[in-house]
Amino acid sequence: MSDPSQVNLDEINGVKPKKLLADGEEVEAKSQTSNAVYKVKRTWDHFYCTCPAWRNQARVPVNARTCKHLKSILGDAYENERVKLMNPNAVPAAPASKSKAKTTSKRKKADDDGDDDGKATKKPRSTRKPASRGKAKVAEVDEEDATEEDDNEEEVDDKKANVEVLLATKWDLEKGTDPTGWWVSEKLDGVRVFFDGKRMLSRLGNPFTPPKWFIEKLPKDVTLDGELFGGRGQFQSTVSIVKSAGSPRWKEITFQIFDVPSKGEEPFEDRLEWLNSNFKLKIGGPKIEHVRVVDHIQAESREHVLDLLEEIESVGGEGLMLRKPGSSYEGKRSNTLQKVKTFSDAEAKVTGYVPGKGKNAGMMGALKCVMASGKTFNVGTGFSDKQRRNPPKIGSIITYRFQELTLDGVPRFPSYVGEAVDKTEPTDAEVPASKKPTSKGTDNADSS
């Protein structure tokens, strides 16, 4: 069987798709039981569908999900081979219990792949309290941080835990706190993980399902905070792997530890020393092959930090983290932890609007945009309430800011800057090679 990390979707085990979608290509699929129309899109080794059946496969890695719409476009035989390739150790779904089957039979009959008429199914009220995520006012400090991993994570309420992790604020490159003496580390482009001594949890409290070997040698009497990391520029691939249940591709992931929350009252330096003594050999290598302690050095000056940032970004790193010396571990957003990143600006044409939800209900939630390259994406952050009530007109050119491109060449976490009143056509940013993700990273940044 082919290696999923080197997959060529043109043909899998001798089977070709009925229709070959190019990376980033999007098509529509009509429901067979209603008037609903769903969008199917390819992103590298992923095929997305907006139908409920595809979205509700929370226990299946993203690139191994399928539905009847994907099968109708790509072909049953091809989808069977693709799903087996992407998730070879998949466990067949257990049959529904009698009580659940009886409830389901009373509902309006839908097709076997979850088509509906677009109306939301009413969910039972949960008796669990949601995990604390800090005060709303603080959370608004950094909308990108709130969506970075949450957009790639579905709620799984059956085993949800209350996780409170330390969250960073942004460090201003020109006016930020004097970093002299602060601890500097690379900001890893991975998935945040909290180990509670028994299991690995996301920052939303949902459990990951790594293979037994991945966690069996970790200490059981402390909690650990870190990242599941698949290498620089491998965020989408990492998300796909860590959402799988025991996939062999977990061998591509390292657990990069940067703190010990259970020792949070001790100074950061003591916690870092504990990590180094427990996870590093005296000769400098790791005691557990896939477990690393994130390296920290002390900043000599602002210029030193900026030089380190340039060095890290030149090799495809996301940015830096600054840690205040002597600081404790706080399970909330705190100025004792600050992230350092640079961004690119570009223009796009507005093609439509996404209705707002929650606090933005009744207003514009996001702008639908098209790049000069023809690729489409949404811009949903950076707006004031006034701008959401009176958004840029369709056809207008806007300037947006982003950090890097995704695998299919669209901006990752774009933020609205303003209308480009002097432009009549959009212009894409010139993105350096180090900011363009590849299907397989060459530098895992996992030295300890």
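Worth pointing out:
- Three-way shape call for the range 338-388 based on the alpha-carbon gyration tensor, with the a/c threshold at 1.5: oblate
- Accessible heavy-atom area order of Asp345, Asp178, highest first, probe of 1.4 Å: Asp178, Asp345
- Probe 1.4 Å - accessible area at Trp213, Å² to nearest ten: 100 Å²
- Qualifying GluC sites (Glu not before Pro) in the range 268-299, DSSP loop, other Cβ atoms within 10 Å at most 16: Glu289
- Loop trypsin sites (Lys or Arg not before Pro), the range 177-218 (other Cβ atoms within 10 Å of the site Cβ: 12 or fewer; DSSP): Lys198, Lys217
- Asp23 sits with roughly 60 Å² accessible to a 1.4 Å probe, with DNA, RNA and ligands left out of the calculation.
- Quotient of the Cα radius of gyration of the range 25-86 and 2.2 N^0.38 Å, N being its number of residues: 1.04.
- Measuring against 20 Å, Cα to Cα, the residue pairs Lys30/Lys68; Lys175/Lys324; Lys368/Lys393; Lys187/Lys349; Lys84/Lys198 contain Lys187/Lys349; Lys84/Lys198 as the ones spanning a longer distance.
- The residues of the range 344-433 present an accessible area of 50 Å² per residue when probed at 1.4 Å with all protein chains retained.
- Note on the range 167-340: percent of Cα-Cα distances in each 10 Å bin, starting at 0 and stopping at the bin with the largest distance, equals 10, 38, 38, 14, 1.
- Two-site label geometry, Lys30 and Lys280: point separation in nm, points 7 Å out along Cα→Cβ: 6.3 nm
- The range 344-433 gives an Rg/Rh value of 0.96, both radii derived from C-alpha positions and Rh following Kirkwood.
- If R0 equals 45 Å, the separation of the Cβ atoms of Glu265 and Arg389 corresponds to a calculated FRET efficiency of about 0.45.
- A 1.4 Å probe over all protein chains sorts Asp10, Asp422 by accessible area into Asp422, Asp10, starting with the largest.
The values are calculated or read from the model by the stated rules, or taken from the named source; none is laboratory data. Keep in mind that what you see is a predicted model, and the values were worked out from it rather than measured. Positions of Cβ are generated from backbone atoms using ideal geometry, with glycine treated the same way; all protein chains shown enter the neighbour counts. Accessible surface is based on the protein model in full, side chains and every heavy atom, while ligands, DNA and RNA are left aside. Shrake-Rupley method; radii C 1.70, N 1.55, O 1.52, S 1.80 Å.
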